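So the structure is just underneath, and the comments pick up after that.
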Amino acid sequence: MGFTTINPSSGEVLATYPFMSVGQVEDALAAARDAQRGWRRAGVDERTRIIGDVAREFRARQGHLAEIVTMEMGKPMAESLAEVEKCAVGCEYYSENGARFLGDRVVETEAWRSYVTFQPLGLVLAIMPWNFPLWQVVRAAVPTLIAGNGVLLKHAPSVPGCALELVRLFRAAGLPDGLFTNLFIDVDATGDLILDARVQGVTLTGSTGAGRHVAAIAGAQIKTCVLELGGSDPYIVLDDADLPRAVEACVTGRLINGGQSCIAAKRLIVHEAVADEFTEAVAARMAGVRVGDPMAAMTDVGPLAREDLRDHLAGQVERSIAAGAVCRLGGEVPKVPGWYYPCTVLTEVRPGMPAWDEEMFGPVACIIRAGSEEEAVRIANNTAYGLGAAVFTDDLERGERIARDGIEAGTCFVNDFVKSDPRLPFGGVKESGFGRELADFGVREFVNVKAVRVER
């Protein structure tokens, strides 16, 4: 038993990777624990120096890594190359700022000396998804490593080649052998790892169902847990928005990574006054998107990552149309090899349809009309999710007020599409999870925040 990788653009089998035996997993755990003890003693200056070398390794291997990403999960080469560069930028950010984030914080008290210090927990299990197979790992693992922890990677079954390349890269940069370890294991073995006393924390990026399962196991063991789960991001386009700018941002936000992103623009909520013009412009813009071979330089959107994902998305669209949604563009599975789905635009979307109620992972724009700003915000918040959101308006004070106080989400952008940034915390509320990745918040998720008070 093991993982078999398949090229999404052709259906061709790429490789098979066997599961690790119980003994191999035990050896990896023991090696990781020993490596983490030494890594903790190395000090933050040495750790940040090595992470700087990791950044250089990403750039040195950019083309090779991008090709593996595209072959395993289907995103266009241009996006894969950009993902590798983003990994390098993230590593540089933590190399430059990690020591400052982890420095002792002096607190004025009546004592001779009082301060807060940040100490690593130990080993952290990272359960990672396939959609950004390098960046998702980096944004979870690098802050955790900088803090002095070790990382056990349980990557998605469809991207094992990416997992192995990451291990090689970290090792080549000088990370101690075993400190960042990939584990080819199944779901049951993953649950056993969370139960293992040597594992002190878990971070998961995945579905809400997977998050509930992992959180239940981790919670029963009183272990730190970070969950970055699904999203149904609302993009509100108000009556005073710069429409060409809003259209471009909404289409880009919907189609990035082929729409297979937790922070993609899932629901386009448009003020009635500009809805007709906006809809026509979005349909025209998406009609011009080039869907095809992800290895070709001219391709904008590649196939979906797996056949079951493509079929699930097609079913969501079909059920939405049957319930009354209007398909303005696309909506039919092409009869070509690979797991392609066309850019699709749905209007007249209402509650009770998958296009309203569910997260849609693919290049489908769902346009919802709102009669007022207040109604738009109500629609935006009428979801179980709360990951990202965006507001488009020429009145920056209005946009900032809605972003800050109106929308229930972990991130809200004004006049731009949502994207992760190493300098800003990333995470959600409601069923989109809890805890934060990135910025200084990500470094301090898996540390013991220890208060020290010294009296004369």
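Would you confirm, using the coordinates I've provided, whether I50 is among the aliphatic types (A, V, I, L, M), touching a Leu at 6+ places or on another chain (Cβ under 7 Å), part of a helix (DSSP H, G or I) and within 22 Å of A172 (Cβ to Cβ)? Even if it seems obvious, please write down each step before you answer.
Values: among the aliphatic types (A, V, I, L, M): yes; touching a Leu at 6+ places or on another chain (Cβ under 7 Å): yes; part of a helix (DSSP H, G or I): yes; within 22 Å of A172 (Cβ to Cβ): yes.
It is true that I50 is among the aliphatic types (A, V, I, L, M), touching a Leu at 6+ places or on another chain (Cβ under 7 Å), part of a helix (DSSP H, G or I) and within 22 Å of A172 (Cβ to Cβ).
Of all residues in the stretch 350-360 being touching a residue at least 40 places away in the same chain (Cβ under 8 Å) and surrounded by fewer than 24 Cβ atoms within 10 Å (Cβ to Cβ), which is nearest to L255 (Cα to Cα)?
Kept after step one, since they are touching a residue at least 40 places away in the same chain (Cβ under 8 Å), are these residues of the stretch 350-360: 356, 358-360.
Filter once more, so that each one left must be surrounded by fewer than 24 Cβ atoms within 10 Å (Cβ to Cβ): 356, 358-359.
On the way: W356: 18, E358: 17, E359: 14 Å.
Looking at the filtered set, the residue picked out is E359.
Have a look at V187, V247, V199, V237 and point out the one that is modelled with pLDDT under 95, more than 19 Å from the chain's Cα centre (by Cα) and not charged (D, E, K, R).
Working: V247 fails: modelled with pLDDT under 95; V199 fails: modelled with pLDDT under 95; V237 fails: modelled with pLDDT under 95.
Testing whether each residue is modelled with pLDDT under 95, more than 19 Å from the chain's Cα centre (by Cα) and not charged (D, E, K, R) leaves just V187.
Filter the stretch 35-54 for residues that are surrounded by fewer than 19 Cβ atoms within 10 Å (Cβ to Cβ) and under 24 Å from L193 (Cβ atoms) and give the result.
R37, G38, R40
May I ask you to say which residue of G63, G122, G103 is of a type outside the set (D, E, K, R), assigned by TED's automatic domain parsing to the domain that holds P8, more than 26 Å from G259 (Cβ to Cβ) and free of Cβ contacts under 8 Å to residues at least 60 places away in the same chain?
Details: G63 fails: more than 26 Å from G259 (Cβ to Cβ); G122 fails: free of Cβ contacts under 8 Å to residues at least 60 places away in the same chain.
One residue alone meets the criteria, G103.
Are any of the residues in the stretch 140-151 in contact (Cβ under 8 Å) with a residue 24 or more places away in the chain and assigned to a strand (DSSP E or B)?
Yes, that holds for at least one residue.
If only one of L255, L313, L329, L346 is within 20 Å of G206 (Cα to Cα) and without any contact (Cβ under 8 Å) to a residue 60 or more places away in the chain, which one is it?
On the way: L255 fails: without any contact (Cβ under 8 Å) to a residue 60 or more places away in the chain; L329 fails: within 20 Å of G206 (Cα to Cα); L346 fails: within 20 Å of G206 (Cα to Cα).
Sole residue among the options that is within 20 Å of G206 (Cα to Cα) and without any contact (Cβ under 8 Å) to a residue 60 or more places away in the chain: L313.
Here is a yes/no grid of residues against (1) of a type in the set (D, E); (2) over 30 Å from T5 (Cβ atoms); (3) touching a strand residue (DSSP E or B) at 6+ places or on another chain (Cβ under 9 Å):
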position	(1), (2), (3)
I68	no, no, no
M77	no, no, no
A82	no, no, no
V89	no, no, no
E96	yes, yes, no
F101	no, yes, yes
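Results for (1) among the aliphatic types (A, V, I, L, M); (2) part of a strand (DSSP E or B); (3) surrounded by 23 or more Cβ atoms within 10 Å (Cβ to Cβ), shown as yes or no for each residue.
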site: Y235; (1), (2), (3): no, yes, yes
site: D240; (1), (2), (3): no, no, no
site: A246; (1), (2), (3): yes, no, yes
site: C250; (1), (2), (3): no, no, yes
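Within the bounds of the stretch 381-394, is there any residue that is in a helix (DSSP H, G or I) and buried (at least 23 other Cβ atoms within 10 Å of the Cβ)? Show your work before the answer.
Start the filter on the stretch 381-394 by keeping residues that are in a helix (DSSP H, G or I), which leaves 381.
From what's left, buried (at least 23 other Cβ atoms within 10 Å of the Cβ): none.
Checked the stretch 381-394: no residue is in a helix (DSSP H, G or I) and buried (at least 23 other Cβ atoms within 10 Å of the Cβ).
Could you figure out which of (1) surrounded by fewer than 21 Cβ atoms within 10 Å (Cβ to Cβ); (2) more than 30 Å from A55 (Cα to Cα) isn't true of R423?
Exception for R423: condition (2).
Has the stretch 78-85 got any residue that is farther than 24 Å from V301 by Cβ, assigned to a helix (DSSP H, G or I) and either in the same structural domain as L183 (by TED's automatic domain parsing) or of a type in the set (S, T, Y) (or both)? Break it down stepwise before answering.
In the first step, residues of the stretch 78-85 are kept if they are farther than 24 Å from V301 by Cβ; the result is none.
So far as the stretch 78-85 goes, no, none of its residues is farther than 24 Å from V301 by Cβ, assigned to a helix (DSSP H, G or I) and either in the same structural domain as L183 (by TED's automatic domain parsing) or of a type in the set (S, T, Y) (or both).
Taking T48, is it closer than 30 Å to V291 by Cα and not aliphatic (A, V, I, L, M)?
Spelling it out, it is not the case that T48 is closer than 30 Å to V291 by Cα and not aliphatic (A, V, I, L, M).
What about L164, is it assigned by TED's automatic domain parsing to the domain that holds A15 and either over 19 Å from the mean Cα position of the chain (by Cα) or of a type in the set (K, R) (or both)?
Yes; evaluated as a whole, the condition is true for this residue.
Kindly establish whether G338 is surrounded by fewer than 18 Cβ atoms within 10 Å (Cβ to Cβ) and either part of a strand (DSSP E or B) or in contact (Cβ under 8 Å) with a residue 12 or more places away in the chain (or both). Reasoning before the result, please.
Working: surrounded by fewer than 18 Cβ atoms within 10 Å (Cβ to Cβ): no; either part of a strand (DSSP E or B) or in contact (Cβ under 8 Å) with a residue 12 or more places away in the chain (or both): yes.
Answer is no for this residue.
Kindly indicate the residue of the stretch 64-123 that is among the charged types (D, E, K, R) and touching a Gly at 6+ places or on another chain (Cβ under 7 Å) and also surrounded by the fewest Cβ atoms within 10 Å (Cβ to Cβ) among those meeting that condition.
Here is the first cut: in the stretch 64-123, the ones among the charged types (D, E, K, R) are 67, 72, 75, 79, 83, 85-86, 92, 96, 100, 104-105, 108, 110, 113.
Add one more test, that the residue is touching a Gly at 6+ places or on another chain (Cβ under 7 Å), and what stays is 72, 75, 92.
On the way: E72: 25, K75: 27, E92: 18.
Selected residue: E92.
Would you be able to say whether some residue in the stretch 175-183 is crowded, with 24+ Cβ neighbours inside 10 Å, hydrophobic (A, V, I, L, M, F, W, C), in contact with a Pro (Cβ under 7 Å, 6 or more places away or on another chain) and touching a residue at least 24 places away in the same chain (Cβ under 8 Å)?
No, every residue in the stretch 175-183 fails to be crowded, with 24+ Cβ neighbours inside 10 Å, hydrophobic (A, V, I, L, M, F, W, C), in contact with a Pro (Cβ under 7 Å, 6 or more places away or on another chain) and touching a residue at least 24 places away in the same chain (Cβ under 8 Å).
Please go through (1) under 16 Å from the mean Cα position of the chain (by Cα); (2) outside any loop (DSSP other than H, G, I, E, B) for R404 and return the number of the only condition it doesn't satisfy.
(1)
Could you tell me whether the stretch 416-436 includes any residue that is within 15 Å of the chain's Cα centre (by Cα), hydroxyl-bearing (S, T, Y) and assigned to a loop (DSSP other than H, G, I, E, B)?
yes
Any residue at all in the stretch 280-288 that is outside any helix (DSSP H, G or I) and at pLDDT 95 or above?
Quick first cut of the stretch 280-288, residues outside any helix (DSSP H, G or I) only: 288.
Going one step further and asking which of them are at pLDDT 95 or above, we end up with 288.
Scanning the stretch 280-288, I find at least one residue that is outside any helix (DSSP H, G or I) and at pLDDT 95 or above, so the answer is yes.
Considering only residues of the stretch 6-34 that are farther than 15 Å from G150 by Cβ and either of a type in the set (G, A, S) or not assigned by TED's automatic domain parsing to the domain that holds R198 (or both), which is surrounded by the fewest Cβ atoms within 10 Å (Cβ to Cβ)?
G23
Look through the stretch 361-380, keep the residues that are under 19 Å from N415 (Cβ atoms) and crowded, with 24+ Cβ neighbours inside 10 Å, and return whichever of them is farthest from the chain's Cα centre (by Cα). Before you say what the answer is, go through the steps one by one.
Of the stretch 361-380, the ones under 19 Å from N415 (Cβ atoms) are 365, 367, 370, 373, 376-377, 380.
Then keep just the ones that are crowded, with 24+ Cβ neighbours inside 10 Å; that gives 365, 367, 376, 380.
Details: A365: 20, I367: 24, A376: 26, A380: 21 Å.
The qualifying residue farthest from the chain's Cα centre (by Cα) is A376.
The values are calculated or read from the model by the stated rules, or taken from the named source; none is laboratory data. Given the structure is predicted, the values throughout are model-derived calculations rather than measurements. Note that each Cβ is placed from the backbone with ideal geometry, even for glycine, and that neighbours are counted across all protein chains shown.
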